[in-house]
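One structure is given below, encoded as structure tokens.
No value in this document is a laboratory result; all are computed from the given coordinates. Since we're looking at a predicted model, the values are computed, not measured. No Cβ is skipped: glycine too gets one built from the backbone with ideal geometry, and neighbour counts run over all protein chains shown.
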């Protein structure tokens, strides 16, 4: 009998693809696209699950706050706060280092 957990582990991160660039011995540098994608996924992974769900539902699927509220079981105002927080969190992680200081002073 197969262990059901072994199936879920392979599905944890289907977006993560390993390449030769992941091997430090080859000396290959990741492409710009790979670096951006990696930073974006790190930013999403750092969010709490309900914040991440609200953000993705709103930004990717263009769901309204009332719809998100019914899906994740939280008030619409809380969902709005989650989306705003996640957006700021993602932007702060994705800004180039020189632009972070400018964004914080504005």
For the range 32-105, I need the span (max minus min coordinate) of the C-alpha atoms along each principal axis, in Å, sorted largest to smallest. 39, 29, 19
If you count, for each residue, the other Cβ atoms within 10 Å and average over each peptide, how do 28-40, 77-89 line up from highest to lowest? 77-89, 28-40
